[in-house]
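Peer 1: Got a structure here, written out as structure tokens. Questions coming.
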Amino acid sequence: MKNPSIILIGLLCAVLLSSGCGSFSDNETRPESNTIDPALQRTPPAISKSNLEEDITVMRDAGIDKIFVIRRRDGAAFDDEDRDFLRRNMPLEVNRILSSDDDKAFIVGSTFLIPPDNVKAWKSRFEVQDRTEKKIQ
């Protein structure tokens with residue numbers, strides 16, 4: 001037979017633990033679980049839309065001097081097929097690619113010359129604008 005003092009201690013612990021986890025009585029009010037204190041609510045910061053000229057400036061500030069802007073001919077945003085085409089025709093010489101103007105333009109930047117065959121492939125499907133700064137000598 002078990003020691004009666006161990007059984008008594010176990011019962012006492014069970015009573016003490018269960019009394020601390022009781023439910024609200026009828027006289028107590030329950031906190032509203034679905035309400036949030038307005039002082040704690042935050043509005044998310046405004047996300048600025050990508051601006052093509054700002055993105056080009058960022059590339060130039062990073063030391064990238066050969067810059068091309070690629071857009072769809074219909075002015076729509078790039079779809080998965082367009083992205084796949086660009087991925088397959090992107091040379092190793094490219095240092096940075098940015099999506100800009102709500103996915104309606106890609107800015108391709110390089111510190112190396114981009115092979116003419118790649119530019120020709122881009123032009124076969126898209127409008128391509130060379131935004132490389134011409135240096136005055």
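Coordinate-derived values only; no laboratory data. Because the structure is a prediction, the values reported are computed rather than measured. Reconstructed Cβ throughout: ideal geometry from the backbone, glycine too, with neighbour counts over all protein chains shown.
Every residue, every condition in (1) exposed (fewer than 13 other Cβ atoms within 10 Å of the Cβ); (2) under 26 Å from the mean Cα position of the chain (by Cα); (3) at negative phi, yes or no:
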position	(1), (2), (3)
N51	yes, yes, yes
E54	yes, yes, yes
A76	yes, yes, yes
R88	yes, yes, yes
L92	yes, yes, yes
S99	no, yes, yes
A105	no, yes, yes
I114	no, no, yes
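Peer 1: Here's another thing I want to ask about it. Select from the stretch 66-99 the residues that are closer than 19 Å to E133 by Cα and either of a type in the set (S, T, Y) or part of a loop (DSSP other than H, G, I, E, B) (or both) and list them in ascending order.
Peer 2: E93, V94, N95
Peer 1: In the stretch 63-98, what residues are in contact with a Ser or Thr (Cβ under 7 Å, 6 or more places away or on another chain) and under 19 Å from L52 (Cα atoms)?
Peer 2: G63, I64, D65, K66, I67, V94, N95
Peer 1: Can I ask one more? Quick check, is S124 farther than 18 Å from I56 by Cα and either touching a residue at least 24 places away in the same chain (Cβ under 8 Å) or not in a loop (DSSP other than H, G, I, E, B) (or both)?
Peer 2: Here the answer is yes, as S124 does meet what is asked.
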